[in-house]
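Notes follow once the structure below has been shown.
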Amino acid sequence: MSAVRSAAAVSRFDPAGPLRGSLRPPADKSISHRAALIAAMAEGETVVEGYLDSADTRSTLAATKALGARVEGADGIAAEMRIAGVGLRGAAEAEIDVGNAGTLLRLLPGWLAGQETGAWTLDGDDSIRRRPVDRVAAPLRLMGARIEAREDRLPPLRIEAAPLQGISYELPVASAQVKSCLLFAGLLAEGETRIAEPLPTRDHSERMLAAAGAEVERSDGVVTVRPASRLEPGEIVVPADFSSAAFILVAALLVPGSDVSLAGVGLNPTRTGLLRVLARMGAKIEVEPESERGGEPSGRLRARASGLRGTEVGGEEIPLTIDELPLVALAACFAEGETTIRDAAELRRKESDRIATVSAALDALGAEVEPAEDGLRIAGGGLRGGAVESHGDHRIAMLGAVAGLASREGVEVTGMDAAAVSYPGFERDLASLAGPGRVTGA
């Protein structure tokens, strides 16, 4: 029996034999979003190598073109694209459809708010319309931005150009997206903008802006940006996405006999908290650094089937593991003992309420799981199998797929097409590792 059978947006993932082989996961989604936006803000032409071709990142490219940037190679998202920017203060008026791209929704207002003239509307799909924007709107208003939102907190978001003033701002919740939005606004503001983080978050924006010539400094949990007249990144190289690689890694850990190698994966330490959590659980993962280009380190990861033990995840680990916490919960189902995830209320503000959707998915598959306001408690013992609804959330769809390969009876995932948001070809890559005759994609 094939390990994967698909029909339309419903796929069935049956227990698999060992996953073996090597592949390069798709390009990093977070860095791709930022690469397109920073290239659009820049003077002259920026070469972007390895941009992710996915629904979300296509929304960001479409937004940059609507704002006046010229993009060559975007129709098929070539291995190398050239983006001719409009400059920091040259964004054209536009109505922007962000689709399902929450990163675009939260980063772009920072750039647009400080323009000299113009007005913009940001809107998206039904899921986006349920995702709050008050955490970017509030500090931008303190800087002088003119922003209106539905019910003062939900899209559509309307932004009018206004002069901005640098501020000192303490993030109430650790968020790389809010921080990045304020860094973009700070480039256009008068005076310094200082952002204090309660916990460290991913620092792609700081690295990329500094490489483009911006004055960005980090010290003792505070990021400072000074006004800029121009950005000139020249070249931006996008490594493979650690968050996408994580699904293959965890599949290899859970399916007996597996041995998988993943090449070119981004190893930015603000993104790889999952590796530390899995190591504590007893995972057999090897990390081999390969290179560092544009300030972003990358390398090869090797994962082998492992016996796992339960752990606790919380505090400063949460921002560094936020997108991989559903996988921690899945791994915990196969670990000896109990695992607790806490301090993760941010999960409720993702593409779905991931505390609710992860809990419901694992419960439906036979796990002993208990949701809390800010996390989950999971007891080990394996998974029977069953059915999972993705709720349009790419990470829930892929969670269901990995669960099916490691389960006793298999898993049917409804809404598997959501995986294309971040990992086009996910089922194909699983098939390449399972070997001929064991996995066949739709």
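Determine, yes or no, whether residue 370 is among the acidic types (Asp, Glu), more than 24 Å from the chain's Cα centre (by Cα) and in the same structural domain as residue 341 (by TED's automatic domain parsing). Yes. Filtered by the rule that a residue be part of a strand (DSSP E or B) and either without any contact (Cβ under 8 Å) to a residue 12 or more places away in the chain or over 30 Å from residue 375 (Cβ atoms) (or both), the stretch 287-298 gives 288, 289, 290, 291, 292, 293, 298. Residue 166: touching a residue at least 24 places away in the same chain (Cβ under 8 Å) and in contact with a helix residue (DSSP H, G or I) (Cβ under 7 Å, 6 or more places away or on another chain), yes or no? Yes, satisfied. In the condition set (1) touching a Leu at 6+ places or on another chain (Cβ under 7 Å); (2) touching a residue at least 40 places away in the same chain (Cβ under 8 Å); (3) surrounded by fewer than 19 Cβ atoms within 10 Å (Cβ to Cβ), residue 263 is compliant with all but (1).
Quick check on residue 52: is it under 20 Å from residue 240 (Cβ atoms) and surrounded by fewer than 22 Cβ atoms within 10 Å (Cβ to Cβ)? Steps first, please.
On the way: under 20 Å from residue 240 (Cβ atoms): yes; surrounded by fewer than 22 Cβ atoms within 10 Å (Cβ to Cβ): no.
No, not satisfied.
State yes or no: is residue 415 surrounded by fewer than 24 Cβ atoms within 10 Å (Cβ to Cβ), outside the structural domain of residue 102 (by TED's automatic domain parsing), within 18 Å of the chain's Cα centre (by Cα) and touching a residue at least 40 places away in the same chain (Cβ under 8 Å)? No. Looking at this structure, is residue 249 out of contact with any Asp or Glu (no Cβ under 7 Å at 6 or more places or on another chain) and of a type outside the set (Gly, Ala, Ser)? Yes: the conditions hold for residue 249.
Yes/no matrix, rows are residues, columns are (1) over 24 Å from residue 333 (Cα atoms); (2) among the basic types (Lys, Arg):
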{"position": "214", "(1), (2)": "yes, no"}
{"position": "217", "(1), (2)": "yes, no"}
{"position": "226", "(1), (2)": "yes, yes"}
{"position": "230", "(1), (2)": "yes, yes"}
{"position": "233", "(1), (2)": "yes, no"}
{"position": "237", "(1), (2)": "yes, no"}
{"position": "246", "(1), (2)": "no, no"}
{"position": "249", "(1), (2)": "no, no"}
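If you go through the stretch 46-105 and keep only what is among the basic types (Lys, Arg), farther than 12 Å from residue 421 by Cβ and not in a strand (DSSP E or B), you end up with 65, 89. When 327, 347 are checked against the criterion of being within 24 Å of residue 101 (Cα to Cα), out of contact with any strand residue (DSSP E or B) (no Cβ under 9 Å at 6 or more places or on another chain) and either of a type in the set (Asp, Glu) or in contact (Cβ under 8 Å) with a residue 12 or more places away in the chain (or both), a single residue qualifies: 327.
Every condition in (1) crowded, with 24+ Cβ neighbours inside 10 Å; (2) within 21 Å of the chain's Cα centre (by Cα) is met by residue 112 except one, and the failing one is (2).
Can you pull out the helices (runs of 4 or more DSSP H) entirely within the stretch 327-442 that have at least 2 residues that are polar (S, T, N, Q)? Qualifying helices (runs of 4 or more DSSP H): 354-364.
Here residue 157 fulfils each of the conditions (1) crowded, with 21+ Cβ neighbours inside 10 Å; (2) at pLDDT below 95 apart from (2).
The values are calculated or read from the model by the stated rules, or taken from the named source; none is laboratory data. On a predicted model such as this, the values are computed, not experimentally measured, just so you know. Every residue, glycine as well, gets a Cβ built from its backbone with ideal geometry; the counts of neighbours run over all protein chains shown.
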